[in-house]
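What follows is a set of notes on a single structure, which appears directly below.
Please treat every number below as a calculation from the coordinates, not as lab data. The structure displayed is predicted, hence computed values, not measured ones. No Cβ is skipped: glycine too gets one built from the backbone with ideal geometry, and neighbour counts run over all protein chains shown.
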Amino acid sequence: GDLAWFDDAPPAGARLFGSWNWVSAEPTPYSGGLAHQSTLAAGLHQHYFTNAAVPLPVQSGDTLYAYVYLDPANPPSELMLQWNVGGSWERRAYWGANLINWGTNGTASRRYMGPLPAMDQWVRLEIPASAVGLEGTAVNGMAFTLYDGRATWDNAGRSLQ
C-alpha cells in the first residue's frame, strides 16, 4: 500500500518556496481535486517546501513515488526530485538529460533514474529509498525541479514495504 504524504496541498506546517501554481484542469489532477504545476521557464526552475510538521518516515525497502504530467508543448530537458532531511538536500533523483549539476552524479546526491517519462499523461515516478540514501530517515521537505519546460505534479509519498 501507499502512504500519501501530500495531495491537494503541501504537508501541514510546510514553508513554501518558488511558485506553487495549483490547478484543477489542464491537466485534470491524477488524484484529488488539485495538482501543482511548475512555471513555464527556460533553464533551471523549481518549487519546493521545507519544515513539514509531520515528516515522511522512510523505512528500509520503501519506494518513494510522485506522479508527474509532462507538458507535451513545453517538455523539460530534465526533471529532478529532491528530498530534505535535517536541512540537507543531498538526496536527488533525475530523469532525462544531466543538466542540473547539484550533487555527484551516480550517488545518492544525484541518481539517474532513466529517460524522461511519457508526455501528455500521468506517470508514476518510483525511486527506491536505498538509491537516494533515504532509508531510516524522516523527510521534511521536497523539491520539484526542472530544466526547461513545464510539468504538473500530484500525489507524492512512499510505498510501504
- prompt: Around residue 113, with a cut-off of 14 angstrom between Cβ atoms, what is the net charge of the other residues, counting Lys and Arg +1 and Asp and Glu -1?
  reply: +3
query: Over all directions, what mean area does the Cα convex hull of segment 1-89 project, stated in square nanometres?
result: 6.9 nm²
query: Charges only on Cβ, +1 for Lys and Arg, -1 for Asp and Glu: so what's the dipole of the chain about the Cα centre, in debye to the nearest 20?
result: 400 debye
statement: Of the candidates 137, 114, 54, the farthest towards the positive dipole end of the chain (Lys/Arg Cβ +1, Asp/Glu Cβ -1, centred on the Cα centre) is 137
- request: Determine the equivalent ellipsoid of segment 109-161 by diagonalising the alpha-carbon gyration tensor, then write out the semi-axes as square roots of 5 times the eigenvalues, largest first, rounded to whole Å.
  value: 22, 13, 12
